[in-house]
Amino acid sequence: MDARSAALVRANFRAVLDAPHGAERLISAFYGHLFAENTALRELFPPTMEMQAKRVTTAVQFVLDNLEHWDRAQGFLEQLARDHRKYGVEAAHYDLAGRALLAALRTYHGREWTVGLEEGWTDVAILISASMAIGANSDKSQPYWEATVVGHRRVLEDLAIVRLQSDSPIPYLAGQYVPVMLPQRPKMWRYLSPAIPSNPYGEIEFHVRKVQSGWVSTAVVNETAVGDRWQIAGPLGNLHIDRESGRDVLLIGAGTGIAPLRAQLIEMSRSGVNPRVHFFIGGRYPCDLYDVENMWQLSQSNPWLTVVPVCEQKTNPWWYPHAPSEEPYGMHRRLIGNLGAVVASFGAWADRQIQIAGSARMIADTRRALMAVGTPESIIQSDPVG
């Protein structure tokens, strides 16, 4: 695809996104054309489609941003297609999707559609559909695993720890995240990070906090019961510690974002030789550091690990039921302040491998705080969140 066509489709897509309800109109037309060509495809999607406009336009925007770096765009599309196997989407469906995207753009623009847009978007649609078909055909493993809930513990009013036993081991790496689907929310997949490493017994654990207006997280915390059957799809993500690099490690996690970090630490504890690790665990209130006692205990038997709890507030809110005397061991040693600012106050940590896990806002704020004191962006790892 030449530079002129690339510039044209980028500018055109930006105009669509900037228009009032432009994304919703375009994606509504896309699914209209897609389902008209194959009505059975509608059954692969959840009843509510309100999030689809953002998801599809975000993916298309990523591709357009990387047309000159196609290896990156192709890798993204192939992984996206492998992930979509859990929905029942097959390689042949991507040709239909490419045609539907082109038809939706024609419908959206009407008489403003030009020959140049037709040629440019045709190239983009072919690139997207071909790459995703390749990705769908490249993975012959099962699209998802079945697992049974064997434990559900309400740690806080809005936070639960769920333990499951899968029918067969799920081949994820500590630090990765997986798509999950609950029986209470059929066809609504969400991404969760396992809080323990994979093991041959098929045990897997998730830490889930209710998100305001979050259908799935609310169901996990409020409705999940022992005996429920979940579906867990193939792993995604790249968080990992390079134990051969010779560099020590800085881990920064907030809330349930600690899950992929603790999974890596538990896995490291099984090895006799590890790099030195500083693990900053953050929360707004002391009660948000719900797993700090387990991490303290892990550090007692692993001298390479230092755990540093950080709270924005010194005391719990009035509605939290536990008295201060019931706080976990070591909490009196916690630091007070914003997590990113506290970590950055110790310096740039430029000699470390750095991972940040938590909400999108927490990751962005902490990344900015570190870079402001001289941390090279290239050494900071973080994965996208749900």
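Viscosity 0.692 mPa s, temperature 37 °C: what is the translational diffusion coefficient of the stretch 1-88 from Stokes-Einstein with a Kirkwood Rh over Cα pairs, rounded to a whole number of µm²/s?
Taking Rh from Cα pairs, D becomes 226 µm²/s.
Going 7 Å from the Cα of A3 in the Cα-to-Cβ direction, what parts of the stretch 64-88 have a backbone nitrogen less than 15 Å from that spot?
67-69
Solvent-accessible area per residue for the stretch 180-246 at a 1.4 Å probe radius, Å²?
46
Please list, by residue number, everything in the stretch 73-104 whose backbone N is under 18 Å from a paramagnetic label point 7 Å out along Cα→Cβ of S138.
Correct set: 73-86, 89-95.
If you line up the long axis of helix 93-109 against the longest principal axis of the chain, both from Cα atoms, how many degrees apart are they, to the nearest 10?
Helix 93-109 sits roughly 70 degrees off the main axis of the chain.
Rounded to the nearest whole Å², what accessible area per residue is found for the stretch 41-174 with the 1.4 Å probe?
That works out to 50 Å² for each residue.
May I have the pair-distance distribution P(r) for the stretch 232-356, computed from all Cα-Cα distances with 5 Å bins from 0 and rounded to whole percent?
Reading upward from the zero bin: 2, 10, 21, 22, 19, 13, 7, 4, 1, 0.
Based on the mean of other Cβ atoms within 10 Å per residue, sort peptides 148-158, 212-222 so the most packed one is first.
212-222, 148-158
So, with +1 on the Cβ of K and R and -1 on the Cβ of D and E, and no other charges, what is the size of the charge dipole of the stretch 156-290 about its Cα centre, to the nearest 20 debye?
Rounded to the nearest 20 debye, it is 180 debye.
Given only helices, namely DSSP H runs of n ≥ 4 each adding -39500 (n - 2.57), what is the per-residue ellipticity at 222 nm of the chain, to the nearest 500 deg cm²/dmol?
The helix contribution divided over the chain gives -12500 deg cm²/dmol.
Leaving out ligands, DNA and RNA, and with a 1.4 Å probe, what % of the accessible surface on the stretch 120-161 is carbon or sulfur?
Exposed carbon and sulfur together represent 55 percent of the surface.
Let me test this: with uniform point scatterers at the alpha carbons of the stretch 86-145, what is the Debye-based log₁₀ I(q)/I(0) at q = 0.21, 0.22, 0.27 1/Å?
Log10 I(q)/I(0), no solvent term: -0.79, -0.84, -1.06.
Counting Lys +1, Arg +1, Asp -1, Glu -1, what net charge surrounds L67 among other residues with beta carbon under 11 Å of its beta carbon?
Summing Lys and Arg as +1 and Asp and Glu as -1 gives -2.
May I ask you to list the lysines whose Cα is less than 17 Å away from that of K187, ignoring any residue fewer than eight positions away on the same chain?
In chain and number order, the partners are K86.
Taking just the C-alpha trace of the stretch 132-177, give me its Rg and Dmax in Å.
15.3, 45
When you take every Cα atom in the stretch 1-148, what is the radius of gyration, and what is Dmax, the widest Cα pair distance, in Å?
Over the stretch 1-148's Cα set, Rg and Dmax evaluate to 15.4, 54 Å.
Let's see if you can work this out: charge +1 on each Lys and Arg Cβ, -1 on each Asp and Glu Cβ, no other charges. What is the dipole magnitude of the stretch 247-299 about its Cα centre, in debye to the nearest 20?
Dipole about the Cα centre, nearest 20: 160 debye.
How big is the Rg/Rh ratio for the chain, C-alpha atoms only, Rh by Kirkwood, two decimals?
Ratio of gyration radius to Kirkwood radius: 1.00.
The values are calculated or read from the model by the stated rules, or taken from the named source; none is laboratory data. The shown structure was predicted, so the numbers you read here are calculated from the model rather than taken from an experiment. For neighbour counting, all protein chains shown are included, and Cβ atoms are generated from backbone atoms with ideal geometry for every residue, glycine included. Side chains are part of the model used for accessible areas, which takes the heavy atoms of the whole protein and leaves out ligands, DNA and RNA. Shrake-Rupley method; radii C 1.70, N 1.55, O 1.52, S 1.80 Å.
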